[in-house]
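Here's the structure we're looking at; comments come further down.
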Amino acid sequence: MIDSTARSRVRRAVEERSSLDGMRRSFRTIRTRQKENAARIPDLEQRKERLRSLKEASVGDERLFMQAVSTLRENGFRVIIAKTAEAAVKQIEHELKGYDIVVKSKSNVTKEIHLAAHLESKNVKVIETDLGDRIIQLAGCAAAHPTGPACHLTRKEISVLFAKHFGHEVSEDPMELTEIMREEIASYLGKAKVGITGANAVTAQEGAVVIVHNEGNAAKCAMLPDKHIVITTPEKVVPTLDDAVNVTKLQTYLSTGKIISSYLNVITGPSYTSDIEKQLYRGMHGPKEVVIVFVDDGRLYAADKEAQYCIGCGMCLLHCPTYDILGPVFGTSGHMGGQGVYLAGSTGKLEEAIDAGLYLCTSCGACKEVCPSKIDTRRGVISARNAAIKAKKPELEEHHQLLASVRNYENPWQVPRKQKGKWADGLGLLAKGEVLYFAGCSTSLLFPELAKSATRLIRACGVEPAYLGQAERCCGSTVRKLGHEDLAKGKAEACFKDFENAGARLVVTSCPGCSSALNYFAELSKKKGIKIQHISQFLHEHLDRSLLSPIEGLGIATYHDPCDLGREQEVYDEPRELLSAVARSVEMSRSRASSDCCGSGSGVRSAFPELSSAIAEERIAAAKAVDAEVLVTACPWCVQSLRECQQGKNEVQVLDLVELLDRSVSAGVGRVPPARHRAGTRMRSLTVE
Ligand code: SF4
Ligand code: SF4
């Protein structure tokens, strides 16, 4: 169970989120620079596709890995393969016997295995040579971005830090701050006999280590000392140097917005000369000895290797709603954000995954959209939750209650089941029919008026919907996202059985969580010949537009894409087209596939309400930024989250699309055709592909 320390860490991070303003500014700078330079990398999408194919083929390919080991050895590298983090740390400690100082450049895996802390405990002084990493080292805090580790700290904070370190006042001028640390790092680079670097890629064909950097420090760590130790992981192995160049090009552009970094070093072994009588002399201008340590730690034999496709570009962090609020509280020490959680979970380190925020991910899927390797972190985090359940790791108390409620009451809201159908009292809905309305737990219990609006609209389409009443079950959406795949599948199976018994061919839901959960088990839908649609899809297909007219006095509206409807089911146009018939609308800066989340998904709202509200507040701010007065969405969870975060202030009115459409149709009620039972009618929607 997440302990009270971890909980208070989250609460404190939410309260102090303005301390991450610097990080957010840096992220905006990266995005701006990416836009400015986009035309200079016209083949970006092809490069990403090539990366994904490359990673699919090479990550976990033992033959490729062993080819790399062999070519590296041929080139004079000493290769060490460490099965575990502990073994890696021990081997590196052994390599450093007799040395008391080591200079080091950026490397995520060294953070992952807590190398610096271990070496310091053995009296080996570790000097980070990347300015950002050195700042982080002195501050004793976690990095906020893979290539801009100190981007969350202000010049003032850095000045105070340096003043303490150097024992005298230091100006806040970034140039002077850089200069004073440059001099100190240079003095260490001059005296250290061992340098440690990471690797952005290792090429199997050539036996080369490829390192990309801007400061020039990594080259100095690799070249100046007598011994160079490269610390990396097996998934960094790619077939050829061409592939490595693609990795570095994408990594540079996506992490900084530049199209090429200042330095791209290709190292193929120790420095040597044989210019005098062909006698081989090692260490002419560079190191005599180059050692490469591959830290496996559960990677090569992980059943799910997708988390290892990461190239450390940090794009996911720029778009993650949780990371935006919490920063490095979300993630592991070597790998920030959801990908860190996923990597820890998929390599068997479940305690680490829990501690890194296994239950802080809203499952919004925004990270996958921007990831060059198309890593499905949402799926990976859910799998890690599933693994944690199977390993009998305790769950959060709030989630425990939610699960009990789903099991006992068929809803996550701890409300007796008989309440569910109350909204339909007196509406005369049929118990059976080809088109069945599935209100869902949240609509039924939190927004019963929405359910009534939905049925009125379905009737306005000339269809008399059937409804299961209090027999309607939970679709299993939330429990699946919490990792309870079997329970979710059981719920979906029971739902489909109910649909079948009611004679349904088409099920229309008000909640995208329901339609996505029921569509997730596509085989059930296919087997039963029952199609599931979100109400926006149904209305888009069947609602006569002449019934809709602009709603007077509504103000400018903007549409918020629910993650379960947009990214999960790719329903973007239908709600927008319907909205445009009743309101003047504008788009927020992030919409459609790059939409931000409302913060309520995946059990985050129940377990971390302050985090959920903070995320929702950002969405309200985005609506205000485009002068929208009404924020329209198509999901009861989003409506709840976006309304409640405003704590009654209602600076932006939050409405469900169904509510708006019903208002429009009802306003012109004379135009509504009489409802007629269409149970036997063949509708386009009834076809299950
Ligand atoms: S799914 Fe959303 S919340 Fe989870 S890691 Fe990705 S962007 Fe962050
Ligand atoms: S998960 Fe994807 S987007 Fe995030 S750092 Fe890794 S490669 Fe970049």
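The values are calculated or read from the model by the stated rules, or taken from the named source; none is laboratory data. Here the structure is a predicted model, which means the values were calculated and not measured. Virtual Cβ from ideal backbone geometry, glycine too; neighbours counted across all protein chains shown. Heavy atoms of the whole protein, side chains included, go into the accessibility calculation; ligands, DNA and RNA do not. Shrake-Rupley method; radii C 1.70, N 1.55, O 1.52, S 1.80 Å.
Worth pointing out:
- Ile292 fulfils the conditions (1) surrounded by fewer than 23 Cβ atoms within 10 Å (Cβ to Cβ); (2) more than 16 Å from ligand 1 (Cβ to nearest atom) except for a single criterion, (1).
- Within region 69-88, being open to solvent by less than 10 Å² (accessible area, probe 1.4 Å) and part of a helix (DSSP H, G or I) holds for Val69, Leu72, Ala88.
- If the condition is being open to solvent by 20 Å² or more (accessible area, probe 1.4 Å) and in contact with a Lys or Arg (Cβ under 7 Å, 6 or more places away or on another chain), then region 121-164 contributes no residue at all.
- Qualifying residue in region 210-220 (condition: modelled with pLDDT of 95 or more, in contact with a Gly (Cβ under 8 Å, 6 or more places away or on another chain) and of a type in the set (D, E, K, R)): yes
- Selection count where residues are modelled with pLDDT of 95 or more and within 13 Å of ligand 2 (Cβ to nearest atom), scope region 333-360: 10
- Tally, over region 269-283, of residues that are open to solvent by 70 Å² or more (accessible area, probe 1.4 Å) and either closer than 19 Å to Ala38 by Cβ or part of a loop (DSSP other than H, G, I, E, B) (or both): 6
- Lone qualifier among Arg7, Arg33, Arg11 - being in the same structural domain as Val329 (by TED's automatic domain parsing), basic (Lys, Arg) and open to solvent by 100 Å² or more (accessible area, probe 1.4 Å): Arg11
- Contact map, region 613-638: first residue free of Cβ contacts under 8 Å to residues at least 60 places away in the same chain, second residue among the charged types (D, E, K, R), Cβ cut-off under 6 Å, separation 6 or more or different chains; pairs are Arg619/Asp596.
- Helices (runs of 4 or more DSSP H) fully within region 487-580 counting 2 or more residues that are open to solvent by less than 10 Å² (accessible area, probe 1.4 Å): 512-520, 535-542
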